[in-house]
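Written below as structure tokens is the structure these notes are about.
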């Protein structure tokens, strides 16, 4: 065999080995099932549905003229409605999740699939057509918790210079910020859309979406308002009438049912919605991506969500502060002895019972010199439990189980002479146990 042949054989062998190593341990890729082929809407069916649609303003309200009822074809003979609003005379904003999947791509023609109905007093509404999809969000999951944003910019087929437009604010949404939105609630008759003003507020750091941690988080949670059919795409407005975000979807009903059945709730859970945060969301014709790029671009994944929820439920995070507070409270009411509190987990950690024991002696100088001294007081009987408040926040709740008459007997003389003393515990005047060789507190010697 010539040297050239040997070299080629060696190279081929190396290539095969490398190929085997690269393929080793590789998981077989699982492709998503293909989307159903696009079936164009039947024009006669669409026209019949549109002709019966109405948009109206609730009595005793002055409704904004930039709000539109968005009517979307969702397959042959199927329709859904959302809310939209103008950001200039030619562009309307709604939620990407309102659009059928086949329209979630820029530059597509939307004239046969999306229609807008604007309020005009004395009429059923002014109908405007959709011209083109300008920009949409990439909804890579079915879970709104993982959506970085849910916003679609649509070009309309007629300039509405006679209607107001809204400006999208990059200032974010602080915790418990008072907000309101204008949403189109589609009535049960599948015909009438009512423009409603709904008050609500933003909320951070709760169990429903623990990745919402500050005003620049890529998505947001809104509480205090129920999700109604047609609210998706409604603009969230602050007290200065600036659009801070947009309603996306309601809370997952399965997660809500799971929380209710967990017995964690101290009070009924408020209505909670998912929302797009315009501090981070890509905005057409705008290169500014928000005031906190790190927060806006942070990772969003199921793993991170579950990890954050686990941290919220961690007993060390929930109960350490309560334990320290209990120790401090007992310390204030006891002149001679300092106590420690030990947590004893029950029911998988949901319940934490407390064991209160003598830790050390304090104020030795104020004690007598006798061989026996009694101390009596009412010892609190406290336990803690893992809980959730009405806002979906996890917390440790204190369970007050009353008090019990407690007595301690020890020897000041022995304590002074040797630095330690046994303590005899009595509950309701009955001897219970002895704590041996309890020392003086180091800082008080």
Report, by residue number, each residue of the range 38-57 that is over 23 Å from residue 95 (Cα atoms) and either modelled with pLDDT under 80 or assigned to a loop (DSSP other than H, G, I, E, B) (or both). 42, 52
So which of 371, 421, 383 is surrounded by 15 or more Cβ atoms within 10 Å (Cβ to Cβ), outside any helix (DSSP H, G or I), in contact (Cβ under 8 Å) with a residue 12 or more places away in the chain and in contact with a helix residue (DSSP H, G or I) (Cβ under 7 Å, 6 or more places away or on another chain)? 421
Test for residue 356: is it farther than 20 Å from residue 394 by Cα and buried (at least 16 other Cβ atoms within 10 Å of the Cβ): yes
Of the residues in the range 293-326, those that are more than 18 Å from residue 207 (Cα to Cα) and surrounded by fewer than 17 Cβ atoms within 10 Å (Cβ to Cβ) come to 293, 294, 297, 298, 320, 321, 324, 325
Within the range 149-160, how many residues turn out to be modelled with pLDDT of 95 or more, in a loop (DSSP other than H, G, I, E, B) and either in contact with a strand residue (DSSP E or B) (Cβ under 7 Å, 6 or more places away or on another chain) or not assigned by TED's automatic domain parsing to the domain that holds residue 57 (or both)? 5
For the list (1) under 30 Å from residue 254 (Cβ atoms); (2) assigned to a strand (DSSP E or B); (3) in the same structural domain as residue 412 (by TED's automatic domain parsing), I need the number of the one condition that residue 319 fails. (2)
For residue 432, only one of the following conditions fails: (1) more than 30 Å from residue 256 (Cα to Cα); (2) touching a strand residue (DSSP E or B) at 6+ places or on another chain (Cβ under 6 Å); (3) surrounded by 15 or more Cβ atoms within 10 Å (Cβ to Cβ). What is its number? (3)
Among residues of the range 119-136, those that are in contact (Cβ under 8 Å) with a residue 40 or more places away in the chain and surrounded by fewer than 21 Cβ atoms within 10 Å (Cβ to Cβ), counted: 7
Report yes if some residue within the range 283-293 is at positive phi and either outside any helix (DSSP H, G or I) or outside the structural domain of residue 207 (by TED's automatic domain parsing) (or both); otherwise report no. yes
Flag if residue 300 is within 30 Å of residue 138 (Cβ to Cβ) and assigned to a loop (DSSP other than H, G, I, E, B): yes
List every residue pair whose Cβ atoms lie under 6 Å apart, where the two residues are 6 or more positions apart in sequence or sit on different chains, the first residue falls within the range 142-161 and is within 17 Å of residue 109 (Cα to Cα), and the second residue, located anywhere, is modelled with pLDDT under 95. 153/284
Taking only the range 100-120 into account, find how many residues are outside any loop (DSSP other than H, G, I, E, B) and within 32 Å of the chain's Cα centre (by Cα). 5
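The values are calculated or read from the model by the stated rules, or taken from the named source; none is laboratory data. Everything numeric here is computed off the predicted structure, so don't read it as measured data. Note that we place each Cβ from the backbone using ideal geometry, even for glycine, and neighbour counts take in every protein chain shown.
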